[in-house]
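A.B. asks: This is the structure I have questions about; it appears just below.
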Amino acid sequence: MSELVEIIAGLIAVIFIFAPHEFAHAFAAYKCGDPTAKMQGRLTLNPIKHLDPAGFILCAFTGFGWAKPVPVYPYNFRNYRKGMFFTAIAGVVANYIVAFVAYPLYLVVFKFLYLNNISFFYANPWLDFIVQIFYTVLFFIYAYGMSVIVFNLLPFFPLDGFRVVESFTREINPVRRFLRNYGMYILIGLVLESYLCDVLLKYANVPYFVAYFDILGWVSWFAQNILGFPITALWGLII
């Protein structure tokens, strides 16, 4: 049952990660002078407008994925560099805010509702199943949200991190040109490498060796244990 809970919770959590992320991009672009996303109906929290099927499924099962990119025409910005920068970081800022709210809700539901009444839920399997999905969704919104933040800030095209690089560099910059031309291939390589590590962890007797080489695994660890530390530490003291 735990695997089914994680699958359902992952699918639901991704909606609460990607919809605010893309809405924030559209909102920031509009405030900076570019109405393109608004005119194409992307200035909305409606997840149907933002979810990409492949990226949605991948994120639900791995914590890494993508949504439909918000259309941005940067030459509409009143200030090109500021517009690029604020539009690029708006998505991850929104994810951090959502994670900041989701984590204490997870603690409340898990600690005070579930653990304090665990015998009651064991006696009512379907209610137990629903509550498990509920608190797992909240935890995944936090955990996946942190992973999406760090993943999106990697400086490879077409991620938000590359847009940040664009906002600080000129088009002829050789590093920027390299990241644009080869960023997609680097990302594909990282995803495949991480998938291979997961397979080896499951079917080969080399867990510690493989773990050291899972680059996206380290990204996820950094996201939850370093970037997410202020959230977990603060709410852990309060709740």
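The values are calculated or read from the model by the stated rules, or taken from the named source; none is laboratory data. Owing to the predicted nature of the structure, the values given are computational and were not obtained by experimental measurement. Positions of Cβ are generated from backbone atoms using ideal geometry, with glycine treated the same way; all protein chains shown enter the neighbour counts. SASA here: full protein model, heavy atoms, side chains in, ligands and nucleic acids out. Shrake-Rupley method; radii C 1.70, N 1.55, O 1.52, S 1.80 Å.
A.B. asks: Anything in region 1-32 that is open to solvent by less than 20 Å² (accessible area, probe 1.4 Å) and over 24 Å from Gln132 (Cβ atoms)? List them, or say none.
C.D. replies: His21, Glu22, Ala24, His25, Ala26, Ala28, Ala29
A.B. asks: Could you tell me whether Phe139 is of a type outside the set (Val, Ile, Thr), in contact with a Phe, Trp or Tyr (Cβ under 7 Å, 6 or more places away or on another chain) and in a helix (DSSP H, G or I)?
C.D. replies: In short, yes.
A.B. asks: Touching a helix residue (DSSP H, G or I) at 6+ places or on another chain (Cβ under 8 Å), among the aromatic types (Phe, Trp, Tyr), buried (at least 23 other Cβ atoms within 10 Å of the Cβ) and closer than 22 Å to Pro155 by Cα, is that true of Phe85?
C.D. replies: no
A.B. asks: A further question follows. Which fully enclosed helices (runs of 4 or more DSSP H) of region 183-239 have 1 or more residues being out of contact with any strand residue (DSSP E or B) (no Cβ under 8 Å at 6 or more places or on another chain) and within 27 Å of Ile97 (Cβ to Cβ)?
C.D. replies: The helices (runs of 4 or more DSSP H) meeting that bar are 215-222, 229-238.
A.B. asks: Take the residues in region 162-182 that are in a helix (DSSP H, G or I) and among the charged types (D, E, K, R), then tell me which one is surrounded by the fewest Cβ atoms within 10 Å (Cβ to Cβ).
C.D. replies: Among them, the one singled out is Arg177.
A.B. asks: Report the residue count in region 56-82 for those that are touching a Pro at 6+ places or on another chain (Cβ under 7 Å) and crowded, with 22+ Cβ neighbours inside 10 Å.
C.D. replies: Of the residues in that region, 0 qualify.
A.B. asks: For region 35-55, state whether one or more residues are open to solvent by 60 Å² or more (accessible area, probe 1.4 Å) and in contact with a Cys (Cβ under 7 Å, 6 or more places away or on another chain).
C.D. replies: no
A.B. asks: Which helices (runs of 4 or more DSSP H) sit wholly inside region 15-132 and have at least 2 residues that are under 17 Å from the mean Cα position of the chain (by Cα), among the aliphatic types (A, V, I, L, M) and closer than 25 Å to Asn225 by Cβ?
C.D. replies: 53-62, 80-107
A.B. asks: Leu4 versus (1) part of a helix (DSSP H, G or I); (2) farther than 20 Å from Asn95 by Cα; (3) at pLDDT 95 or above; (4) not acidic (Asp, Glu): which is the lone unmet condition?
C.D. replies: Failing condition for Leu4: (3).
A.B. asks: Can you pull out the residues in region 211-236 that are among the small types (Gly, Ala, Ser), modelled with pLDDT of 90 or more, in contact with a helix residue (DSSP H, G or I) (Cβ under 8 Å, 6 or more places away or on another chain) and more than 17 Å from Val148 (Cβ to Cβ)?
C.D. replies: The answer is Gly236, and nothing else.
A.B. asks: Pick out the one residue from Phe112, Phe129 that is surrounded by fewer than 12 Cβ atoms within 10 Å (Cβ to Cβ), modelled with pLDDT of 90 or more and not polar (S, T, N, Q).
C.D. replies: Checking each option against the conditions leaves just Phe112.
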